[in-house]
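Written out below as structure tokens is the structure these notes cover.
The values are calculated or read from the model by the stated rules, or taken from the named source; none is laboratory data. All figures in this text were calculated on a predicted structure; none of them were measured in a lab. Cβ: placed from backbone, ideal geometry, glycine included. Neighbour counts: every protein chain shown.
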Amino acid sequence: MPEFDPNFDPLSLVLLALLNPVVVVAALYLGTKADQWQKLIVVGFASALAGAVAIWIVTFLGLLPPRPYGSDAGLFGFSCIYGAAIGWLGYLFRKKVT
């Protein structure tokens with residue numbers, strides 16, 4: 001069983017989720033396309049998935065250092081919540097514009 005990394009920093013995961021532009025762009029786009037508020041859960045999941053793929057590609061290319069074991073799940077969770085919140089803003093913006 002893998003041991004807990006004492007250098008694990010959850011604040012870096014939150015910052016990485018908040019500063020991921022792929023999550024923001026995907027959530028805003030999908031939030032403006034949502035026609036029901038219940039679809040914002042799907043918006044959060046889809047934007048978190050897009051952000052996770054982008055981070056994986058950047059890490060694979062060596063532009064970002066690898067994270068400790070188990071941090072990908074936390075990053076996905078934070079991105080999902082953040083993506084749903086940003087999608088909600090896009091949903092509200094869509095309602096006011098149209």
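May I ask you to list the residues in region 49-74 that are touching a residue at least 60 places away in the same chain (Cβ under 8 Å), out of contact with any Pro (no Cβ under 8 Å at 6 or more places or on another chain) and either over 18 Å from residue 11 (Cβ atoms) or not in a helix (DSSP H, G or I) (or both)?
Answer for region 49-74, where residues must be touching a residue at least 60 places away in the same chain (Cβ under 8 Å), out of contact with any Pro (no Cβ under 8 Å at 6 or more places or on another chain) and either over 18 Å from residue 11 (Cβ atoms) or not in a helix (DSSP H, G or I) (or both): just 68.
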Subject >> Residue match in region 39-49 (condition: farther than 15 Å from residue 18 by Cβ, of a type in the set (D, E, K, R) and at pLDDT below 90) >> reply: no
Original post:
Out of (1) crowded, with 19+ Cβ neighbours inside 10 Å; (2) without any contact (Cβ under 8 Å) to a residue 12 or more places away in the chain, what's the single condition that is false for residue 25?
Top reply: (1)
Original post:
Has region 59-73 got at least one residue that is closer than 18 Å to residue 27 by Cβ, surrounded by 14 or more Cβ atoms within 10 Å (Cβ to Cβ) and either modelled with pLDDT of 85 or more or of a type in the set (Asp, Glu) (or both)?
Top reply: no
**OP:** Tell me, please, whether a residue that is assigned to a helix (DSSP H, G or I), more than 10 Å from the chain's Cα centre (by Cα) and at pLDDT below 90 can be found in region 75-92.
**Re:** no
